[in-house]
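To start, the structure under review is shown below, and the notes come after it.
The values are calculated or read from the model by the stated rules, or taken from the named source; none is laboratory data. These numbers were taken from a predicted model, which means no experiment stands behind them. Every residue, glycine as well, gets a Cβ built from its backbone with ideal geometry; the counts of neighbours run over all protein chains shown.
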Amino acid sequence: MKTIIRLIIISLGLSLQVFAQFGSVGALDSRSMSMGKTYNASTSGIYSIGINPANMMFSPQNHFEFSTVFPLPAISMRAGTNFMSFTDLNYFFGGDNGNARVLTPADKQRLADLFSNSGKVFADLSLNEFSAMYRSTPNVGAFAFSMVDYIGLSFTVPKSIVDLSLNGNQSNQIYSFNDAATKSWWIREYSLSYARELPEINQKLFDKIAAGISLKLVNGFAYVGMDHINTSLSTGASNSINGTADMTELMAFSPSFGSVYDFDSSDTKASMGPFPKAAGSGLGIDLGVSASMDQVWRFALSITDIGSIKWDQYTAQYSGSGNFTVNDLTDKTQLDSLKDKMVGKGAFNSGFTTNLPTALRAGVSYNLVNIVPGSMLLAFDYNQGFNDSPGNSKNPRFSVGVEWTPIGFFILRTGCTVGGLDGFGWGLGIGLDAGLVEFNFATSDMNQVVSGNSADMFTVAFGSRWKIN
């Protein structure tokens, strides 16, 4: 429970600074989110950054575009659970006419059933402070720079904690906490991207082949993660408790936060600003290729976020291990031993390393020229994460998206995604293109919106970009 409380406090504190995700399950912009997180072969310009840098070569030639906080900042966010709807949340934790709700036996059973497969709570945010791209001639190529913040929060509430909270310490029961999991961070990426066409390749199949690379400097401002856990306890007669603990939790915080661990007696003060001191840093790289055929097909392949972060500022480790026995609940020594092993003791450590959310991305798009009024683009994606870093998933994700421009300034987008962390999602959004500036608004989970209070998550994204030809 102490870990969960720490995470809630941390997430609230971070959300005051900014607040979608990246990796195999995320989208970096509102346009892609509205197409069901379909972007691998349909993006161009600054939207290519973080997805496939080679796609920058599919922007108009001698084209400059950028995005900043004016007139509309590029923000995307997601929050929810995988087990409890907003109706359930309000019923169990929203009180009863201003008073605490007294749960009936049926209520307790329903709440326990909601946690039958544990309960995951998540929140993700991306904020694009600045992105800019210029595309020159095919031989010179395209250049881009971006600065983007990502916050990802995820923790799993073990079913055993719910059982203990609802039913107390019952005799002859076994409680396992191995399903507890936490992994959350706040990082900022500064990326330099370059792409060019490859006319040197002697081939006749494609109209154009382009390759691109992005080099990233990653600053980490906060991290909380469960390294491993193998903890359980059993209850016997007369309230006796026996168990085994083996857990390690890692943490790091920017010195600018003024955070103090419970074992640290330092008197530190916060000194927050737009550029906090990093708690860790690392390097990353994106590699991509794209090709067009018959002026209507595009094929894209990339690997993104190859790299890691070394956390080495104000880092700590909470560890608990060993066997324990409690046969006298009035014995403070026994209770302190139980707390130390179950929750863990904290101490400073020399640092640790986490991986960036490395992912493989592949996609194909087709432009329906002269088939429908206006213009329409169809796209299909496959995304595969290689680790469980925030924003990533080892479960493959497939998506299909449509972008239709029936008239010059109005754009309608939709799409569906399956797999990854969230399963099915229906994206929907609109764009308003005034030529010099473009506005986009989207959700990747319209199915949750139409579900009303039965929804268990929400996603929203919006943003603008300037375009100069």
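Here are some notes:
- Test result for S160, touching a Phe, Trp or Tyr at 6+ places or on another chain (Cβ under 9 Å), in the same structural domain as S254 (by TED's automatic domain parsing), at negative phi and in a strand (DSSP E or B): no
- The set of residues in the stretch 420-441 being closer than 18 Å to N383 by Cβ and touching a Ser or Thr at 6+ places or on another chain (Cβ under 8 Å) consists of G420, L421, F424, G425, W426, G427.
- Residue count for the stretch 360-387, restricted to those that are surrounded by fewer than 17 Cβ atoms within 10 Å (Cβ to Cβ) and over 30 Å from the mean Cα position of the chain (by Cα): 8
- Criterion applied to S308, S292, S281, S337 was being at pLDDT 95 or above and over 30 Å from I187 (Cβ atoms), and the one residue passing it is S292.
- Test result for A123, hydrophobic (A, V, I, L, M, F, W, C), within 29 Å of K208 (Cβ to Cβ) and touching a Ser or Thr at 6+ places or on another chain (Cβ under 8 Å): no
- Any chance R110 is out of contact with any Cys (no Cβ under 6 Å at 6 or more places or on another chain), surrounded by fewer than 20 Cβ atoms within 10 Å (Cβ to Cβ) and either on the phi < 0 side of the Ramachandran plot or not assigned by TED's automatic domain parsing to the domain that holds R188 (or both): yes
- Candidate set from the stretch 166-213 (those that are modelled with pLDDT under 95 and aromatic (F, W, Y)); member that is farthest from T354 (Cα to Cα): Y175
- Some residue of the stretch 342-351 being surrounded by 14 or more Cβ atoms within 10 Å (Cβ to Cβ), part of a strand (DSSP E or B) and either of a type in the set (S, T, Y) or at pLDDT 80 or above (or both): yes
- Test: residue in the stretch 79-98 that is more than 23 Å from A455 (Cα to Cα), modelled with pLDDT of 80 or more and either polar (S, T, N, Q) or not in a loop (DSSP other than H, G, I, E, B) (or both): no
- So D422, is it among the acidic types (D, E) and under 18 Å from D124 (Cβ atoms): yes
- If you check I285, I241 for being within 30 Å of K341 (Cβ to Cβ), of a type in the set (A, V, I, L, M) and in the same structural domain as V218 (by TED's automatic domain parsing), only one passes: I241.
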